[in-house]
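Read-outs: derived from the displayed coordinates by stated rules, not from any lab. None of these values were measured; they are calculated from a predicted model. Note that each Cβ is placed from the backbone with ideal geometry, even for glycine, and that neighbours are counted across all protein chains shown.
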Amino acid sequence: MKRTWLLALLLVSGLSAASHPELNDEELRFISANSEFTLLHEMGHLLISELKLPVLGREEDAADQLGFMGLFLLYERQRDADFYAKLVDVADYWRLEWQRPKQPGEEVPAWDSHGLDEQRFYNIACLAYGSDPKQLEWIIEATGLPEERAFYCPEEYQQAHHAVTWLIRHFRKPQDQPVRHRIQVIYEAPSDSVENGAQMLASIKATGELEAVAAKASHDFDLPRDVTLRMTSCGSPDAWYNAISGELTLCYERLSYFRELARQLPALRRQQLERP
């Protein structure tokens, strides 16, 4: 799987150091990492639903693991210090979500199908550390991952790795088998409330990367029906897969929200360094 597979959302956002000099490299990496993870997470839901994958536990947890492991497939051999920093960026998104003041109704209730933001932070941090504990011991300090959890993280990572390897072995269709059903990409114009919305839309169409994502998924897996990947305005920073309609929705507002949270990174990481 090549690096262009699922690189799309960084390009979708129209973000670059040249076009947004107010964003530093760390902030751009945060936006890139979480854009990629969002797409991979929702693609996880799509594959679970369309391929009828077996899921033990909550589907949201499985989609998080598929999204995380998808980053390893996305970057293949290009795993360097920047790659592992991206994994921490994904964990830090959930830390920022967990620690920010919530409006009434924003808190994830205990009965919800999603894990609590704090739990998702520690789950991602654990998988990141467990992927290479000899080289990534610094992640324990960077995230505050308790040693009681860290001890089991290599085993947790191996479980996730085994599951994804099993998925690919059993569900990737033969390369010579024709494509029966495809993922169609649909763009809707962003609403006026989306910052730099016209630039975002222009960047999407200019790159053609979402089409590349859709074509790759359609080629690798024998989907039982045509499905849709839609970029649209949602009124909130969201993304989801609708199993009834067969539509994966990515919201322009979510990209804008990643940019907003990226501005909070310096303060978050200063706090981590100052932690006793």
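Key figures for this structure:
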{"item": "Neighbour-count order for LEU53, LEU74, LEU66, fewest beta carbons within 10 angstrom listed first", "result": "LEU53, LEU74, LEU66"}
{"item": "Computed lengthening from ARG225 to ARG169, 0.36 nm per intervening residue step minus Cα-Cα distance", "result": "18.1 nm"}
{"item": "Loop-located trypsin sites (Lys or Arg not before Pro) in region 125-180 whose Cβ has at most 13 other Cβ within 10 Å (DSSP)", "result": "LYS134, ARG180"}
{"item": "Spin-label proximity, ASP25 to region 68-98 - amide N less than 15 Å from point 7 Å beyond Cα toward beta carbon", "result": "80-86"}
{"item": "Two-site label geometry, ALA267 and ASP82: point separation in nm, points 7 Å out along Cα→Cβ", "result": "2.9"}
{"item": "Over 30 Å [Cα-Cα, region 8-274], rounded percent", "result": "28"}
{"item": "Distance between modelled label sites at GLN119 and ALA202, nm, 7 Å Cα→Cβ extension", "result": "4.4"}
{"item": "Whole-Å semi-axes of the ellipsoid equivalent to region 163-265 (Cα gyration tensor, √5λ, descending)", "result": "30, 16, 13"}
{"item": "Coil-residue chymotrypsin sites (Phe, Trp or Tyr not before Pro) of region 104-194, DSSP, other Cβ within 10 Å capped at 13", "result": "TRP111, PHE151, TYR152"}
{"item": "Histogram of C-alpha separations across region 226-270, 5 Å bin width, %", "result": "6, 21, 20, 17, 12, 10, 7, 5, 2, 0"}
{"item": "Using a Förster distance of 30 Å, the FRET efficiency for TRP138-HIS162 (Cβ separation, nearest 0.05)", "result": "0.70"}
{"item": "Ranked LEU250, LEU145, LEU56, criterion: other C-beta atoms within 10 Å, fewest first", "result": "LEU56, LEU145, LEU250"}
{"item": "Net charge of Cβ neighbours under 15 Å - reference SER193; Lys, Arg +1; Asp, Glu -1", "result": "-4"}
